[in-house]
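Report on the structure given below.
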Amino acid sequence: MPILVDIVTPERRLLSQEVDMVTLPGIDGQMGILRGHAPLISTLDIGEIVLHKGNDKQFIAVGGGVVEVRPDKVTILAQAAESAGEINIQRAEEARERARASVEASSSQQHNPEAVAALRYSNLRLKVARRHAPHHRSSPNFEDDAQ
């Protein structure tokens, strides 16, 4: 039986879709969620969300957030999230370079946590785009990539 997954960022609702399983980057490690899972609320780390539906998988870069799991629904409130097909590799590389410069500009003894997080998310976006985006294209919405 499928479970409904909603992914929302401060800017938009990324998706609302039924899947067989969702894998999430929990702050304490990966979590796999199936329908009927015990209720829980957890913090998400910067990482990759994987939506499993039959033999298909969809990949989403997430920049941290919170997840609420109920037996029939998973709600992800993400600080930032993008599907593999929406990530523009050139812009992601530029963002990574800006983040890297910001980290290098901070004191070597005490790096700026926001700059480090931005660099981690930039690296993740590039990884997700290069490994999972169909032909490394940029598309306007997630639903188009699901076909």
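Structure notes:
- Note on the stretch 1-16: residues that are in contact with a strand residue (DSSP E or B) (Cβ under 6 Å, 6 or more places away or on another chain) and surrounded by fewer than 18 Cβ atoms within 10 Å (Cβ to Cβ) total 6.
- Selection from the stretch 10-26 of residues that are touching a Gly at 6+ places or on another chain (Cβ under 7 Å) and of a type in the set (Val, Ile, Thr): Thr23
- Look at the stretch 111-131: where a residue is in the same structural domain as Ala101 (by TED's automatic domain parsing) and a partner is among the basic types (Lys, Arg), sitting 6+ places away or on another chain with Cβ atoms under 7 Å, you get Leu119/Arg96; Leu119/Arg100; Ser122/Arg96; Asn123/Arg96; Leu126/Arg96.
- For the residues Ile87, Ile46, Ile27, the requirement of being within 16 Å of Tyr121 (Cβ to Cβ) and surrounded by fewer than 16 Cβ atoms within 10 Å (Cβ to Cβ) singles out Ile27.
- Criterion (within 24 Å of Arg13 (Cα to Cα), surrounded by fewer than 18 Cβ atoms within 10 Å (Cβ to Cβ) and modelled with pLDDT under 90) met by exactly one of Ala105, Ala117: Ala117
The values are calculated or read from the model by the stated rules, or taken from the named source; none is laboratory data. Source: prediction; values computed, not measured. Every residue, glycine among them, receives a Cβ derived from its backbone with ideal geometry; neighbour counts consider all protein chains shown.
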